[in-house]
1. Quick check: the distance between the Cα centres of segment 180-197 and segment 100-164, to the nearest angstrom?
2. If r is the Cβ-Cβ distance from Ala155 to Lys91 and R0 is 51 Å, what FRET efficiency results, to the nearest 0.05?
3. Within segment 35-113, list the trypsin sites (Lys or Arg not before Pro) lying in a DSSP loop whose Cβ has at most 16 other Cβ atoms in a 10 Å radius.
4. Tell me the trypsin sites (Lys or Arg not before Pro) within segment 135-200 that lie in a loop according to DSSP and have at most 10 other beta-carbon atoms within 10 Å.
5. Rounded to the nearest 500 deg cm²/dmol, what is the calculated helix-only ellipticity per residue at 222 nm for the chain, with -39500 (n - 2.57) per DSSP H run of length n ≥ 4?
6. Counting Lys +1, Arg +1, Asp -1, Glu -1, what net charge surrounds Asp30 among other residues with beta carbon under 13 Å of its beta carbon?
7. With a ≥ b ≥ c taken as the square roots of the eigenvalues of the C-alpha gyration tensor of the chain, please select rounded if a/c is under 1.5 and otherwise prolate if a/b is larger than b/c or oblate if it is not?
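Coordinate-derived values only; no laboratory data. Since the structure is predicted, the reported quantities are computational estimates derived from the model, not experimental observations. Please note: Cβ atoms are built from the backbone with ideal geometry, for glycine as well, and neighbour counts cover all protein chains shown.
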Amino acid sequence: MARHFRLALFPQLPSRQVLFPMTVQTLPIDLYTWGTPNGFKASIMLEELDVPYATHFVNIGKGEQLKPEFLAISPNNRIPAIVDPEGPGGKPISVFESGAILQYLGRKFGQLYPTEERARVAVEEWLMWQMGGVGPMFGQLNHFRNYAVGKIPYAIDRYLNETHRLYRVLEKQLGGRDYVAGDYSIADIALFGWIRNWESRGVDIAEFPNVKAWHDRVDARPAVQRGLKVKAPTSFDLSQDKDAQKILFGQR
Ligand SMILES: N[C@@H](CCC(=O)N[C@@H](CS)C(=O)NCC(=O)O)C(=O)O
């Protein structure tokens, strides 16, 4: 249910926010996740918005993402996914793909996703850059560095080079900027979970001081810290766990 009382109650707010109706969430949003960089995007966003949500862990090492009830809301068998019982028209809606979740929540609650067209395009550019570049490339690097049977130097070099290139692009973008696309936004949230843990990617962060400063700025946000706590209740060591490897690497 959208309520339009912010203007009356908070006349001192900047016009961008005043124009946006405040949406009140009555029923909790269901979050399906498993503490991973993609999962953290959704939990950090929900924490930033300070809306009620209920977490359901989907153990991707045990194949719970392949169950029909999960596929009904996330047909690509990947976390995160959400179900908002108060979707458009007051009816439930499910959303899969972390970028689509960030956009849906940003639009619904009128926060962290600007409406002014130039500002919105900038946020979307960097959101798509994360979704199409950083996530998949860092993911492949992780696979070939840590899990591939036999080390394939060509593949490791290929993805390590690309990972460095992406850090360098971000370094340049963050020169003279606090956040990647104007104010702190869903683009920063999308990037944060992937950019941290640079040691595990073989990246020397001293080469990227703007990225490090940005990381520390985002990391200092209490909602980000709360969002990072939404992690799997149990863990599995993917480099050793043959059953989990079969599930995660053997899908066709
Ligand atoms: N493009 C998807 C990627 C999601 C994704 O890869 N999720 C991983 C965990 S980070 C997963 O659920 N893997 C389960 C599987 O591979 O079966 C998104 O951004 O939501």
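1. Cα centroid of segment 180-197 versus Cα centroid of segment 100-164: 10 Å apart.
2. Efficiency for this residue pair is about 0.65.
3. Lys62
4. Sparse-neighbourhood loop trypsin sites (Lys or Arg not before Pro): Lys151.
5. -13000 deg cm²/dmol
6. -3
7. It comes out oblate by the Cα gyration axes.
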